[in-house]
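Trainee: Following this message is one structure expressed as structure tokens.
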Amino acid sequence: MLRKFRKSKLMKNIILWAVIGVFILFVFVAWGSGRISGGGPNVIAQVAGEKIDRDTFRQEFYAQIEDLRDRLGDKPVTKGLIERMGLAERVLQTLEYRIILRKIASRFRLTVGDKELAQFIESMPAFQVNGVFVGPQEYKRRVMTLYRMSVPRFEEQMRLYLLERKLKEVVTAGVRLNPGELERAYRFNNERITAEIMYYAYSDVEVDKPTEEEKRAYFQKHRDKFVVPERRKGDFAFISAIKLKEKISVLPKELKEYYDENKDMFAKPDLYDYIRVKVKTEKELKDLLAQLKKGVALEVAGKKFGKVEKIEKMPINTVARAEASWLTQARVDEVSPPLKLKDGFEVLKLLRKVPGGFKKLEEVRDQVEAALKLKKAWELARDLAQKVYKEARKKGLAQAARDYGVKFYRTGFLKMGEATEGDPTSTVSSVLFQLKEEGKLSRPVRGYTGFFVVRLDKIQPSRPGKYEEFSERIGEELIKEKKMEKAKQVLQQAVKEGKVPEVVLHKEVTTDYSRAFRDDNIELSPEAVEALLDAPLNEWSKVILLPRGALVFRVKERILDKEKLKKELPRFAQQMLQREKDTFYRAFLQRQTENMKVKFNRSAFEKIKKELIGGF
């Protein structure tokens, strides 16, 4: 807690979700790699000995949900959206990164003290009115209303942001730009070219079908390309948490306890009624303000000079930041100063403010009951899976599955990541490839809808492929190779003789580098773009073999505003230097953390993930 900070001036307007985004931007710990199962049921992960528990994960999850709601506006946050975004995984990555950041910063003896943090926050106007701090109580209310977090959490976020900024400054202090690369990058972004091109699409190239002899010769020449990957087969028992949920009942007392423990899930934001008038030009704004100065009501003056909207019961966490910042400190019937928009200006008038709170249990009973049933179903499925595993070690997996009445499946030979009957998510094949010996049994593994117990039966090692197994692929590759060679020869001949066959696209285009030739459905490779940048004027290039065709070109003119170059190059250099520093910093972090021990308790993670997402 920063007492001095809360008694002083506060805060310039920094969008906190963008600050949190800084954390995610530099997360590099590869999901699923370097992880081992372990830890108690309350520990989701450990990074260099520091634990991430369920409460910490839950708090960060809800904070990022509110951040997501803020970005989506009036669009709903749904279970499907959360799953598609991989939000739970992002939350874990964010928490891991914070630990990693502190560990690395400590090696450089970097810290952020209370005074330094207060000075930084004092430079932000988000909690000021006319440059004056709104006071401790209003500050606390705005943090909770706008950012959906406690004051200590808000301050900790800002402290971490400053720590990362300080570490980044130290690490990247020696990063410099190559002058030649700087000008080249500027040209790529700003220069336009006029070029004559010839393009021969492979789809238009006709070649003979390869003979059997040609195919066999190709196979012999490229044998290393044709390998049959390792495959494994086994069997598995599946315990469905979703099916168990149908058999579970909950008591009113349990509902009340679950609701009380997870009350933050059911928070209601403050609601606002207000008038909004939008104008497009500065003249319209000036006329509108003149009418307001004469005492004309905003809703009346707005009809003449702009578009009038009456907004009712608008949740504060769905309002644009600029509007929310003013609304939270405004009094009823107060009119705002002009707020800048992308396409004009707006002026607001507050009509009514309804404080938020928490939804009553009666309002969310169905949601609470569904979440609690799912939680208990997963616990029951976990316990049942453990019993199946123990029984399988004594009697075999098939018998254990029969004894406990759960589904049992046998697989064929599977490649890594291949789905099978009873497991469309490929969990089983992944587990099979983790088991080290034939006959080995896995401990219960949590999937998307239940637990798996998997036994490895047979390993079919990778081996050199036979011609017959790859005959079709060989034919396809040979045909493409022949087409590429023919297209190259045709374009070389066209350049030499100046005669272009009708089947070849021949035209002059003016374009920039980022969209070069896209209108003609030509997909340039990075090498082709480099060639365009370096090409001398009025000379034909070498034939470039692209993914869908062959290209040859000559640049006739380069169009670049030299005065604009002189004016903009310093600013562009700063932007490019920042990108270079970002890249260097990410690489530095990766090197520093390669030896950090990261333990991941998949069971605990999947459990809380299902519990939290199940509430949507």
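Trainee: Can you find, among Gln399, Met265, Ala320, the residue farthest towards the positive end of the dipole of the chain? Put +1 on the C-beta of Lys and Arg, -1 on that of Asp and Glu.
Mentor: Met265
Trainee: With +1 assigned to the C-beta of every Lys and Arg and -1 to the C-beta of every Asp and Glu, and no other charges, what is the dipole magnitude of the chain about the Cα centre in debye, to the nearest 20? Walk me through the numbers before you get to the answer.
Mentor: Values: 125 positive and 92 negative charges, 467 e Å.
Value, rounded to 20: 2240 debye.
Trainee: Then there is this: With point charges of +1 on the Cβ of Lys and Arg and -1 on the Cβ of Asp and Glu, referenced to the Cα centre of the chain, which listed residue (Gln93, Leu505, Phe433) lies farthest in the positive direction of the dipole?
Mentor: Gln93
Trainee: Moving on. Is the shape of the chain rounded, prolate or oblate, going by the alpha carbon gyration tensor and its root eigenvalues a ≥ b ≥ c, with a/c under 1.5 for rounded and a/b larger than b/c for prolate?
Mentor: It comes out oblate by the Cα gyration axes.
Trainee: May I pose another question? Roughly how many percent of the accessible protein surface of the chain is carbon and sulfur, given a 1.4 Å probe and a whole-percent answer?
Mentor: Its accessible area is 49 percent carbon and sulfur atoms.
Trainee: Below 8 Å, C-alpha to C-alpha, sequence gap of six or more: please give me the relative contact order for the chain in percent.
Mentor: The value is 26 percent.
Trainee: Rounded, prolate or oblate: which one fits segment 152-269, using the alpha carbon gyration tensor with axes a ≥ b ≥ c (rounded when a/c is under 1.5, else prolate when a/b beats b/c, else oblate)?
Mentor: Since a/c reaches 1.5 but b/c is at least a/b, the shape of segment 152-269 is classed as oblate.
Trainee: Quote the relative contact order of segment 527-580 in percent (integer), defining contacts as alpha-carbon pairs under 8 Å separated by 6+ residues.
Mentor: 25
Trainee: Which value, in debye to the nearest 20, describes the size of the charge dipole of segment 483-572 about its Cα centre when Lys and Arg Cβ atoms bear +1, Asp and Glu Cβ atoms bear -1, and nothing else is charged?
Mentor: It comes to approximately 60 debye.
Trainee: Along the charge dipole of the chain, pointing to its positive end and built from +1/-1 on Cβ of Lys, Arg, Asp and Glu, which listed residue (Leu577, Phe517, Ile608) has its Cα farthest out?
Mentor: Sorting the options by dipole projection puts first Ile608.
Trainee: Do you know the relative contact order of segment 229-366, to the nearest whole percent, from alpha carbon pairs under 8 angstrom that are 6+ apart? Display every interim value, and only then the final one.
Mentor: On the way: 167 pairs, mean separation 47.0, N = 138.
Once normalised by length, the contact order is 34 percent.
Trainee: In addition: Sorted by average packing, counted as other Cβ atoms within 10 angstrom per residue and highest first, what order do 283-296, 475-488, 266-279 take?
Mentor: Working: 283-296: 14.2, 475-488: 16.7, 266-279: 19.4.
With the highest mean Cβ count within 10 Å placed first, the list reads 266-279, 475-488, 283-296.
Trainee: Shape verdict for segment 232-360, please, from the Cα gyration tensor: rounded (a/c under 1.5), prolate (a/b greater than b/c) or oblate. Display every interim value, and only then the final one.
Mentor: On the way: a/c = 4.77, a/b = 2.47, b/c = 1.93.
In terms of gyration-tensor shape, prolate.
Trainee: Something else about it: About the Cα centre of segment 282-440, what is the dipole size in debye to 20, counting +1 per Lys and Arg Cβ and -1 per Asp and Glu Cβ, all else neutral? Let's see the in-between values first.
Mentor: On the way: 34 positive and 24 negative charges, 63 e Å.
It works out to roughly 300 debye.
Trainee: Turning to a different aspect of this structure: Under a point spin-label approximation (7 Å from Cα along Cα-to-Cβ), what is the Glu334-Ile479 distance to one decimal in nm?
Mentor: My value for the distance between the label points is 7.3 nm.
Trainee: Thr318: accessible area at probe 1.4 Å, nearest 10 Å²?
Mentor: Rounded to the nearest 10, the figure is 40 Å².
The values are calculated or read from the model by the stated rules, or taken from the named source; none is laboratory data. None of these values were measured; they are calculated from a predicted model. Because the Cβ atoms are built from the backbone with ideal geometry, glycine has one as well, and the counts that use them run over all protein chains shown. Accessible surface areas use protein heavy atoms only, side chains included; no ligands, DNA or RNA. Shrake-Rupley method; radii C 1.70, N 1.55, O 1.52, S 1.80 Å.
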